[in-house]
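Enquirer: Quick one: the structure is below, and I'll ask about it shortly.
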Amino acid sequence: MLGPVILAASRSDKMRRFVSAAPGTKQVVDRFIAGETVDQVVPIVEDAADKGLEVTLDVVGEDITTPAQAEAARDAYLELIERLKELGLGTRAEMSVKLSMFGQSLEGGHELALANVRPVVEAAAAIGTTVTLDAEDHTTLDSMFAIHEELRKDYPETGCVIQSYLFRTEDDARRLAAAGSRVRIVKGAYKEPATVAYQDKAEIDKAYVRVTRILMEGEGYPMIGSHDPRLIAIAQELGRQAGRKLDEYEFQMLYGIRSDEHLRLAAEGHRMRVYTAYGTDWYGYFMRRLAEKPANLLFFGRSILTKG
């Protein structure tokens, strides 16, 4: 299995230097990363809005080692929100944040991450949008869920992400599928041990369906994060069985992957949100995209070999 190998490489400084220097890297990175600056990503948000799509924006970067870096991550999101406000795009774009960027892994990280993310959530609410807390590896989740619960006291539309490959997720889904909640379900893209996570793709897919059913039958707002045509069709059927209207849940897919499907689902009347990452510290995000799908790795390999 190549996935675990690639995920291990995502933590390697040596591999980071090699991949960054490879001649074909930029071509592939540009497929998944919308740009490096706010100025580069704003036209993409505008284009998506013109096509009837919505977006969730992720300022990439996870290797935070100092409180100052965590504050810089906070400020990058505040700059983004200010630009969306100026352009009147607040209702078309939300934010996705990884609490590791806000200092979660540092000393006193739980309190530090909460203190840094709160002004971002507050600023997002002020322009009519919201923030979703991305799930990271399983050791961070209790902290993430506690911060999510705390933020929802003042900003109840704050969302969170759950991952079907973890054994705990069905219980998390039952707890979270309450009125007013916003929950994104994904398969999961971190290397997790067999003690906490399914390792077999078929078992992960079965768990994804079970969790999707829990969310659809609950009182919250499910966000279906998948590019798998079969899982998308199953989600649509579960939505129908639960009596949900098309605007009572949404689909989410990554920027640069299955773009035609984005438009097809939107044309059918579904809410379709494109997860759009940008920024200079793209390596960890990029490697997880390669790990998720072998075709992405093959595309990268061909690009390296054909560039001189």
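Enquirer: Go through the stretch 179-203 and count every residue that is crowded, with 21+ Cβ neighbours inside 10 Å and touching a Leu at 6+ places or on another chain (Cβ under 7 Å).
Expert: Adding up the residues that qualify gives 4.
Enquirer: Could you tell me which residue of the stretch 174-232 is nearest to THR132 (Cα to Cα), considering only residues that are among the hydrophobic types (A, V, I, L, M, F, W, C) and under 16 Å from the mean Cα position of the chain (by Cα)?
Expert: Taking the candidates together, the pick is VAL183.
Enquirer: Pairs only if they're at least six apart or on different chains, beta carbon under 6 angstrom, first in the stretch 181-193 and within 12 Å of THR169 (Cβ to Cβ), second open to solvent by 20 Å² or more (accessible area, probe 1.4 Å) and at pLDDT 95 or above; list them, first residue then second.
Expert: Taking only residues 6 or more apart or on different chains, the pairs are LYS187/ILE204; GLU192/HIS138.
Enquirer: Also, quick follow-up: State whether one or more residues within the stretch 166-178 are open to solvent by less than 40 Å² (accessible area, probe 1.4 Å), assigned to a helix (DSSP H, G or I) and within 24 Å of PRO67 (Cα to Cα).
Expert: No, every residue in the stretch 166-178 fails to be open to solvent by less than 40 Å² (accessible area, probe 1.4 Å), assigned to a helix (DSSP H, G or I) and within 24 Å of PRO67 (Cα to Cα).
Enquirer: Something else: Can you tell me which residue among MET253, MET223 is closer than 17 Å to ALA173 by Cβ, touching an Asp or Glu at 6+ places or on another chain (Cβ under 8 Å) and not in a helix (DSSP H, G or I)?
Expert: So the residue among MET253, MET223 that is closer than 17 Å to ALA173 by Cβ, touching an Asp or Glu at 6+ places or on another chain (Cβ under 8 Å) and not in a helix (DSSP H, G or I) is MET223.
Enquirer: Would you confirm, using the coordinates I've provided, whether SER105 is surrounded by 17 or more Cβ atoms within 10 Å (Cβ to Cβ), touching a strand residue (DSSP E or B) at 6+ places or on another chain (Cβ under 9 Å) and not in a helix (DSSP H, G or I)?
Expert: So SER105 does not fit the description; no.
Enquirer: When you look at SER96, is it within 20 Å of ASP63 (Cβ to Cβ), open to solvent by 40 Å² or more (accessible area, probe 1.4 Å) and of a type in the set (S, T, N, Q), yes or no?
Expert: So SER96 fails the test.
Enquirer: Another question, then. For the stretch 42-78, name all the residues that are part of a loop (DSSP other than H, G, I, E, B), open to solvent by 60 Å² or more (accessible area, probe 1.4 Å) and closer than 19 Å to HIS270 by Cβ.
Expert: LYS51, the sole residue that qualifies.
Enquirer: Of all residues in the stretch 234-248, which are loosely packed, with under 14 Cβ neighbours inside 10 Å and under 21 Å from the mean Cα position of the chain (by Cα)?
Expert: Residue satisfying the conditions is ASP247 alone.
Enquirer: From (1) of a type outside the set (Ser, Thr, Tyr); (2) more than 28 Å from ALA115 (Cβ to Cβ); (3) open to solvent by less than 10 Å² (accessible area, probe 1.4 Å); (4) part of a helix (DSSP H, G or I), pick out the condition that doesn't hold for LYS206.
Expert: (3)
The values are calculated or read from the model by the stated rules, or taken from the named source; none is laboratory data. Here the structure is a predicted model, which means the values were calculated and not measured. Here the Cβ is made from the backbone with ideal geometry for all residues, glycine too, and neighbour counts use every protein chain on show. What goes into the accessible areas is simple: the full protein's heavy atoms, side chains included, and nothing from ligands, DNA or RNA. Shrake-Rupley method; radii C 1.70, N 1.55, O 1.52, S 1.80 Å.
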